[in-house]
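Here is the structure we will look at, set down as structure tokens.
The values are calculated or read from the model by the stated rules, or taken from the named source; none is laboratory data. Keep in mind the model is a prediction, meaning the values are calculated, not measured. Counting neighbours? That spans all protein chains shown, and the Cβs are built from the backbone with ideal geometry, glycine included. Keep in mind that these areas ignore ligands, DNA and RNA; they rest on the heavy atoms of the full protein, side chains included. Shrake-Rupley method; radii C 1.70, N 1.55, O 1.52, S 1.80 Å.
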Amino acid sequence: MDLPQDDEPAEKTGNRVPRRRRTARVDDVARLSGVSTATVDRVLNQRPGVRAVTVQRVLKAAAELGYVMDGALPAQALRPLRLAFLLPAGTNRFLGLLGRLIASSQDQLASFNMRARVDYIESFKPELLAQQLRKVGRDVDGIAFMALEHPSVRDAVDHLADRGVPTVTLISDIANSKRVAYVGLDNRSAGRTAGYLIARFIGQRPAKVAMIAGSLSYRAHEEREMGFLRLFQEFFPQIEVVGLREGHDEEAKNYRQTKTLLAQHPDLAGIYNIGGAPEGIAKALKETGRQQEVAFVGHGLTPETRQLLIDGTMDAVITQHPQSALMDCVSIFANLRAGRAALHGTTHPRTEIILRENLP
């Protein structure tokens with residue numbers, strides 16, 4: 001964008017008298033960025049209440065026009081983007097692995113001019129999650145979190161969006177909200193994949209299989225259940241799914257649920273662990289001597305599931321890379337800061353099937 005020239009001549013150079021470009025003003029920045037001068041004033045003076053995407057558009061316009069001396073961006077643009085990751089507390093090994101990865105990646109995040117904190121909150125409590133979202137949203141520029149499907153959580157997400165704080169759902173999504181993106185597997189597909197694996201392990205014979213979830217308040221777990229059930233209805237009607245139990249990702253609960261299933265169904269041929277804490281299921285299978293008879297498929301490659309694959313208690317693990325999930329979140333927030341579409345340049349996470357024979 002060319003600015004009008006001042007009439008005041010500058011120092012002569014040869015026979016030509018160049019004109020000096022006048023200093024850009026607030027209304028020039030407003031015109032180029034397509035916002036009001038009041039909004040530009042709020043952004044350049046680092047006052048709250050402006051959406052993150054708008055902030056970045058104003059800063060970009062200011063830089064293009066040379067509004068800041070020597071083309072430098074205002075302090076707000078130089079300040080690292082502050083991110084928060086809200087993860088469920090508890091014994092889910094994969095989530096613990098993800099949390100430790102985020103905490104140890106500060107140098108890598110700094111190269112993107114970002115820094116991140118990890119907050120753990122009590123699992124399966126939507127009101128508590130909603131409160132924490134609102135609280136943390138006062139101090140950060142973006143939040144990634146594992147969503148619970150609940151109106152109070154949806155309301156908190158929409159409240160943050162209206163305040164200009166973008167949210168990204170991680171591993172489990174939430175419907176009909178203003179979150180900017182979801183980072184995670186296609187969970188219906190993951191459930192169907194688990195069902196197909198178990199059915200192939202069992203073979204062409206009548207059998208019973210069961211599911212153990214963390215909690216169906218996670219949309220991810222609900223969608224995995226739906227995909228699992230649908231697969232058997234479509235292709236393996238001779239295999240009966242005898243029900244779903246919730247273990248809240250706790251080893252002791254999963255152990256008790258598995259012991260009950262084995263007692264009620266001595267002919268049980270397969271278990272799909274939709275959530276975490278596979279150690280509890282493995283313990284029950286080993287105690288009853290059924291670890292080589294019951295096909296056992298779960299989620300998340302961790303040191304624990306790796307060992308269960310090696311000793312043959314687990315038959316397959318469906319997983320995604322924690323590092324890829326983190327970098328997808330980084331890309332999304334970087335896109336928003338630059339005024340691009342949230343998912344620009346990102347790819348859909350791949351579902352990986354890990355067996356004992358292809359352990360990485």
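Which ³J(HN,Hα) values in Hz, rounded to whole numbers, follow from the phi angles of the range 96-108 under the Karplus curve 6.51 cos²θ - 1.76 cosθ + 1.60, where θ = phi - 60° and Gly and Pro get x?
The phi angles translate into x, 4, 4, x, 5, 5, 4, 5, 8, 9, 5, 5, 5 Hz.
Could you put Thr347, Thr37 in order of accessible surface area, largest first, with the 1.4 Å probe and the full protein assembly present?
Thr347, Thr37
Using a 1.4 Å probe and ignoring any ligands, DNA or RNA, find the accessible area of Thr288 and quote it in Å² to the nearest 10.
60 Å²
Tally up the carbon and sulfur contribution to the accessible surface of the chain as a whole percent, 1.4 Å probe, everything protein left in place.
On the chain, the fraction of accessible area on carbon and sulfur atoms equals 49 percent.
Compute the accessible area per residue over the range 134-284, keeping the other protein chains in place, probe 1.4 Å, unit Å².
Here the residues of the range 134-284 average 38 Å² of exposed surface.
Place +1 on the Cβ of every Lys and Arg and -1 on the Cβ of every Asp and Glu in the chain, take the dipole about the Cα centre, and give the residue among Thr288, Ala24, Ile143 whose Cα lies farthest towards its positive end.
Ala24
Amide H of Phe296: which non-local residues (sequence gap of 5 or more, or other chain) have their own amide H closer than 5 Å, using H built in the peptide plane?
Ile271, Asp315, Ala316
Considering amide H positions built from the backbone, and no H for Pro or chain starts, which residues 5 or more places from Ile121, or on another chain, come under 5 Å of its amide H?
Amide H to amide H, under 5 Å and 5 or more residues apart or across chains, Ile121 pairs with Leu87, Ala89.
May I ask you to evaluate 6.51 cos²θ - 1.76 cosθ + 1.60, the Karplus curve with θ = phi - 60°, for each residue of the range 169-176 and list the ³J(HN,Hα) values in order in whole Hz, giving x for glycine and proline?
8, 10, 6, 10, 9, 9, 7, 6
Could you work out [θ]222 nm for the chain from helices alone, using -39500 (n - 2.57) per DSSP H run of at least four and dividing by all its residues? Round to the nearest 500 deg cm²/dmol.
Result for the chain: -13000 deg cm²/dmol, rounded to the nearest 500.
Using a 1.4 angstrom probe and counting only protein chains, how large is the accessible area of Glu225 in Å², to 10?
Using a 1.4 Å probe on the heavy atoms, I get roughly 30 Å².
Provide the per-residue ³J(HN,Hα) series for the range 180-196, in order, calculated from phi with Karplus coefficients 6.51, -1.76, 1.60 and θ = phi - 60°, each as a whole number of Hz, with x at glycine and proline positions.
Each residue's phi maps through the Karplus curve to give 8, 6, 10, 10, x, 6, 6, 6, 4, 4, 4, x, 5, 4, 4, x, 5 Hz.
Could you point to the residue in Val50, Pro206, Leu97 farthest towards the positive end of the chain's charge dipole, with +1 and -1 charges on the Cβ of Lys/Arg and Asp/Glu respectively?
The Cα lying farthest towards the positive end belongs to Val50.
Which of the peptides 112-120, 178-186, 140-148 is most tightly packed, and how do the rest follow, judged by the mean count of other Cβ atoms within 10 Å per residue?
By packing density, highest mean first, the sequence is 140-148, 178-186, 112-120.
Mind ranking 162-173, 251-262 by how tightly packed they are, going by the mean number of other C-beta atoms within 10 angstrom, highest first?
The densest-packed peptide leads the list: 162-173, 251-262.
Run the dipole for the chain about the Cα centre, Lys and Arg Cβ at +1, Asp and Glu Cβ at -1, nothing else charged, and hand back the magnitude in debye, nearest 20.
For this selection, approximately 660 debye.
Amide H to amide H under 5 Å from Gly184: which residues, 5+ apart in sequence or cross-chain, H placed 1.01 Å off N in plane?
For Gly184, whose amide H was placed from the backbone, the distant partners under 5 Å are Ile171.
Using unit Cβ charges (K, R positive; D, E negative) and no other charged atoms, how large, in debye to the nearest 20, is the dipole of the range 171-215 about its Cα centre?
For the range 171-215, the charge dipole is close to 140 debye.
Using the structure shown, select from Lys125/Lys283; Lys259/Lys283; Lys253/Lys283; Lys135/Lys253 the pairs with a Cα to Cα distance greater than 20 angstrom.
In this structure, Lys125/Lys283; Lys135/Lys253 lie more than 20 Å apart at Cα.
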